[in-house]
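The values are calculated or read from the model by the stated rules, or taken from the named source; none is laboratory data. Here the structure is a predicted model, which means the values were calculated and not measured. We place every Cβ from the backbone using ideal geometry, glycine too, and count neighbours over all the protein chains shown. All accessible areas refer to the heavy atoms of the entire protein, side chains included, with ligands and DNA or RNA removed. Shrake-Rupley method; radii C 1.70, N 1.55, O 1.52, S 1.80 Å.
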Amino acid sequence: MKYVDDITKLFTRFGANAESYQEIQPNYKDFKDDPVTPAVPVTEPEQLVELSPPAPTPPVFLLDEPQPPLLIGAPVEPAKHVVLSLPLPNSLLPTKPPAGAATGDRQRLSDLLHELNQVRRDGLPEIARKLTKAKVIAIVSANGGVGKSTMVAGLAKTLRRPGGRTIAIDLDPQNALSSHLGLTQQVPGLIQLKPQDADWVAHCLPGYGGSECLPFGAGDVNASRSLKQLMFEDSGWLNQHLASMNLGENDTVILDTPSGATVFSQQALDAADLVLVITVADAASYLALETMTQWLDTSRRRAQRHRYVLNQQDESRSFSRDMAVLFQRRLGADLIRTIHLDHQLNESLAYGRDPLQYSPDSIGCLDILSLSRVVHDLLFPQAAGQQVMP
């Protein structure tokens, strides 16, 4: 078959006319190929000569890490000494850390936070925390108006061991304790003795019944806020000051505190050997018992004991008697004493006299003396039954 017949059949098959076919002959006379850049021979790694880049050129790093193998085809030799130019410092982008490192950091941070919570809950070892040789009692309450300062003053006047001192320290910004112990003049107190090297012993003043008192002191709002901040920042602030007083084993410190869980009462709670919760026989105080129990559990003193005192018990009212029964059922042996309502205590405060000297046989004074004996036996079990100072 001829060449022309093939072309004709091809055009006819596609519905075209073979007469329009025209063959063009190529002409290579004017053809010019693109110039080829000669290849630069690759030298061996040991023959490479590193040239110093010019000043504006960013730093260059050599990466020797092997590249991942291809999924298809023959294995490819890993590239070596690939030169990469990093962007200038002002255009650096944050790099994402490896997932393993981030997980490790989070785990390490979580462990550290758990350790801090454990230290905060358990506190320091007993040897490191117990900085004073004196026995420390904290008087606390969930509600106000239950007679804490009256109880502090009563114990300060009656709870004294031979050769020892009993010092009542007022941590309540109301600054009322000094009046219960016969101090009528305004004297400097804790709010003026904020420096760590302040001498607390020099500012303890004599009170009723051979007691001593360190008042809270009078100050403006800024001074009280400053003292609060100091206690927030240093959880051992009170313990350190008590240690600086150089008290002995026969000495006793009684701490008066504001109502509720405040920074003042927390400092007292962390320093006390014995905590006395003062409550009254009413519904609000009974409902607050659970909250008080939870707060007492935050104490750093593992060997600390908590006891309750039912104050201002009015036997003339059936509701008060019923509430006293409920408190006894709820607290059991932790309710160590009931102090009956005695108007002689309030009248003595109004007239500026010591009720234990003015009306020692009143029911309130007798109850305080009985409470003092129980507290003495709790603090000094080896000397249980010894006579406390009247």
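In table form, for the structure just shown:
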read-out	value
Any hit, region 171-178, residues being assigned to a helix (DSSP H, G or I), out of contact with any strand residue (DSSP E or B) (no Cβ under 8 Å at 6 or more places or on another chain) and among the polar types (S, T, N, Q)	no
Given (1) open to solvent by 30 Å² or more (accessible area, probe 1.4 Å); (2) under 24 Å from Ala272 (Cα atoms); (3) in contact (Cβ under 8 Å) with a residue 40 or more places away in the chain, index of the condition Phe380 fails	(1)
So Val263, is it in contact with a Phe, Trp or Tyr (Cβ under 7 Å, 6 or more places away or on another chain) and modelled with pLDDT under 95	yes
Residues within region 168-186 that are under 19 Å from Leu349 (Cα atoms) and open to solvent by less than 50 Å² (accessible area, probe 1.4 Å), tallied	12
Some residue of region 274-289 being small (Gly, Ala, Ser), modelled with pLDDT under 90 and either over 20 Å from Gln196 (Cα atoms) or open to solvent by less than 20 Å² (accessible area, probe 1.4 Å) (or both)	no
Region 332-366 - residue that is out of contact with any helix residue (DSSP H, G or I) (no Cβ under 9 Å at 6 or more places or on another chain) and under 19 Å from Arg307 (Cα atoms) and, of those, least open to solvent (accessible area, probe 1.4 Å)	Gly332
Helices (runs of 4 or more DSSP H) completely within region 296-390 that count 2 or more residues being closer than 29 Å to Gly248 by Cβ	355-358, 363-379
Matching residues in region 213-244 - criterion: being crowded, with 19+ Cβ neighbours inside 10 Å, in contact with a Lys or Arg (Cβ under 7 Å, 6 or more places away or on another chain) and not polar (S, T, N, Q)	Leu227
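Here is a yes/no grid of residues against (1) touching an Asp or Glu at 6+ places or on another chain (Cβ under 7 Å); (2) part of a loop (DSSP other than H, G, I, E, B); (3) under 17 Å from Pro188 (Cα atoms); (4) in contact (Cβ under 8 Å) with a residue 60 or more places away in the chain:
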{"position": "Gly219", "(1), (2), (3), (4)": "no, yes, yes, no"}
{"position": "Leu227", "(1), (2), (3), (4)": "no, no, yes, no"}
{"position": "Leu242", "(1), (2), (3), (4)": "no, no, no, yes"}
{"position": "Gly248", "(1), (2), (3), (4)": "no, yes, no, yes"}
